[in-house]
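See structure below.
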Amino acid sequence: MKEIDNIQLEFLKIDDYCDLKEAMVESYSGMPQAFWKEKHIQKLVQIFPEGQVAIKVNQEFAGCALSIIVDDAEFESMHTYKEITGDYTFSTHTSDGDILYGIDIFIRPKFRGLRLGRRLYDYRKELCERLNLKGIVFGGRIPGYHKYSADMSPKEYIIQVRKREIHDPVLDFQMSNDFHPTRILQGYLEGDKESKEYAVLLEWNNVYYEIPSKKARVKKTVVRLGLIQWQMRLYKNFDEVMQQAEYFVDAVSGYRADFALFPEFFNAPLMAENNHLSEPEAIRELAKHTSNTVARFSELAISYNINIITGSMPEVIDNQLYNAGYLCKRDGGIERFEKLHVTPDEVKVWGLQGGKELRTFDTDCGKIGILICYDIEFPEVSRILADKGMDILFVPFLTDTQNGYSRVRHCAQARAIENECYVAIAGSVGNLPKVHNMDIQYAQSMVFTPCDFSFPTNGIKAEATPNTEMILIADVDIDLLRELNQFGSVRNLKDRRSDIYKVHKSSD
């Protein structure tokens, strides 16, 4: 398969039908007649457009998910696929229902392995939460059962699958996405020979479900942050560093985090192989890994469905050395940021140059800013980003001593208060005895909030254990920032005296 430039999740349109039919035929090769007719897709799109989504890779149709809303009381007992779909008319769909019922979900064979099915399930979960439904239910096929049907019942087969003694690709995948079996449905899908027409009723419960009330309620937008507190240690090679990086990406994505934040110069251990060189030469050798590092992170962002902030790495452009990082989006997009303020030591030892690009980034979770370490100690920089609409500020950092860390930590907390935003900082811990100018590291990764009634009283949403390798997961509510902007005890953004002073970029 050619290089992936873009992955897009979008509402299904009737114009997609030909591609959808082709994809279904490929996906259900054991059931050659198992594809929806155009009239069925047209009806689904008409009655419940939000429930029908397609996923495309490089604009090519890769798969889709179809669903309806039903009343749980009507279908909590035994039922067939024909009954749940109203004899394929979808007359069972009701906007007043309380369960999202999965009608179909599939990924074309050539796009499997990219965790696209997981994205579709994640969309369903988010839709379920947004519509305040009890949960998601569907009848899951067990296509491997025909191999064992002579020796065991469907119940015994499912038990063996759950114990990992039998591999069923469909059921394994569904259970790995937090769906749990509740009962066996006999005669569920007519013509499903692989499953012997059995299915497993699978459920996912919405823990945020609230019994409908006539009182007004505000729907919140919650973003989950995953911070990696990286342990500096010696690695054999580039692949070993990226293997560790993938381990952490896998860990935070397992908690359905929207962002993974790595520290500044997280790949510095690779300089150990060039420790015989001078410091300026060694870091320029490290810069040769940057393009491959970004490419690997972009693959991980797509594969694990998470936006990755790569921390920072040395990068040589026009023979000038910069400290730069990349935002690798889960839709395949890649954007660059750079350190604007370099420390006296970075200039003296490595010959680093300060960058010039200052901007916000649009993501599927809102507008964010990224500043590298020392940049957070200059309040004008983050104020400019706040004026551009930033909600979350990410700060990858690297500090060797506790007093250096304290500068980053306290300045970051000040930025959260004065700019009415969330600030997430992530650093490295440990030591590198075989790397000059990178001997020791001190860090405590944290997530800061404004200080007002809707936020923690000390302005700290979450904090890692100091000097310990770990991940930190925290949810931040963007709508709370909107309320703060309008109704906060103090309003730092609104109450500035722009008639007396202003802050702006020199190029503006």
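The values are calculated or read from the model by the stated rules, or taken from the named source; none is laboratory data. Being a predicted model, the structure only gives us computed values, none of them experimental. Methodologically, a virtual Cβ is constructed for each residue, glycine included, from the backbone with ideal geometry; neighbour enumeration extends over all protein chains shown.
Numbers at a glance
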quantity	calculated
Residue in the range 429-487 that is farthest from V395 (Cα to Cα), counting only those that are out of contact with any Leu (no Cβ under 6 Å at 6 or more places or on another chain) and acidic (D, E)	E483
Selection within the range 76-87 - in a loop (DSSP other than H, G, I, E, B), free of Cβ contacts under 8 Å to residues at least 60 places away in the same chain and more than 35 Å from the chain's Cα centre (by Cα)	S77, G86, D87
Hits in the range 240-266 (condition: of a type in the set (F, W, Y), in contact (Cβ under 8 Å) with a residue 12 or more places away in the chain and out of contact with any Leu (no Cβ under 6 Å at 6 or more places or on another chain))	F248, Y255, F262, F266
Count of residues meeting criterion [within 11 Å of Y81 (Cα to Cα) and of a type in the set (S, T, Y)] in the range 183-197	1
Residue satisfying condition, being among the charged types (D, E, K, R) and closer than 30 Å to A245 by Cα, within set D499, D495, D475	D475
Lone unmet requirement of (1) in contact (Cβ under 8 Å) with a residue 24 or more places away in the chain; (2) surrounded by fewer than 20 Cβ atoms within 10 Å (Cβ to Cβ) for I136	(2)
Residue within the range 143-154 that is loosely packed, with under 15 Cβ neighbours inside 10 Å, of a type in the set (A, V, I, L, M, F, W, C), part of a loop (DSSP other than H, G, I, E, B) and in the same structural domain as F75 (by TED's automatic domain parsing) present	yes
Matching strands (runs of 3 or more DSSP E) fully within the range 311-354 where at least 3 residues are modelled with pLDDT under 95, in contact with a Phe, Trp or Tyr (Cβ under 9 Å, 6 or more places away or on another chain) and more than 20 Å from S253 (Cβ to Cβ)	none
Helices (runs of 4 or more DSSP H) contained entirely in the range 1-75, each with at least 2 residues that are β-branched (V, I, T) and either in the same structural domain as L116 (by TED's automatic domain parsing) or over 21 Å from I136 (Cβ atoms) (or both)	38-47
Scope the range 398-418; condition within 20 Å of N323 (Cβ to Cβ), among the charged types (D, E, K, R) and in contact (Cβ under 8 Å) with a residue 40 or more places away in the chain; matching residues	D400
The range 425-436 residues that are at positive phi, paired with ones that are polar (S, T, N, Q) and crowded, with 22+ Cβ neighbours inside 10 Å (beta carbon under 7 Å, 6 or more apart)	G430/Q441
Count of residues meeting criterion [farther than 19 Å from A295 by Cβ and touching a strand residue (DSSP E or B) at 6+ places or on another chain (Cβ under 8 Å)] in the range 245-260	7
Test: residue in the range 385-399 that is β-branched (V, I, T), in a loop (DSSP other than H, G, I, E, B) and closer than 26 Å to A257 by Cα	yes
Tabulated pairs, the range 267-278, first in contact (Cβ under 8 Å) with a residue 24 or more places away in the chain, second β-branched (V, I, T) and assigned to a helix (DSSP H, G or I), C-beta under 7 angstrom, 6+ apart or interchain	N267/V241; N267/T293; P269/V241; L270/V241; M271/I283
Residue in the range 267-274 that is crowded, with 16+ Cβ neighbours inside 10 Å and not in a helix (DSSP H, G or I) present	yes
In the range 88-125, the residues that are part of a loop (DSSP other than H, G, I, E, B) and surrounded by 14 or more Cβ atoms within 10 Å (Cβ to Cβ)	Y88, F90, T92, H93, T94, G97, D98, R108, R112, L114, R115
Strands (runs of 3 or more DSSP E) lying entirely in the range 432-508 (those with 2 or more residues that are closer than 29 Å to D387 by Cα and among the β-branched types (V, I, T))	470-477
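Every residue, every condition in (1) in a strand (DSSP E or B); (2) at pLDDT below 90; (3) within 22 Å of N305 (Cα to Cα); (4) among the hydrophobic types (A, V, I, L, M, F, W, C), yes or no:
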{"position": "E197", "(1), (2), (3), (4)": "no, no, no, no"}
{"position": "W204", "(1), (2), (3), (4)": "yes, no, yes, yes"}
{"position": "K220", "(1), (2), (3), (4)": "no, yes, yes, no"}
{"position": "Q243", "(1), (2), (3), (4)": "no, no, yes, no"}
{"position": "A251", "(1), (2), (3), (4)": "no, no, yes, yes"}
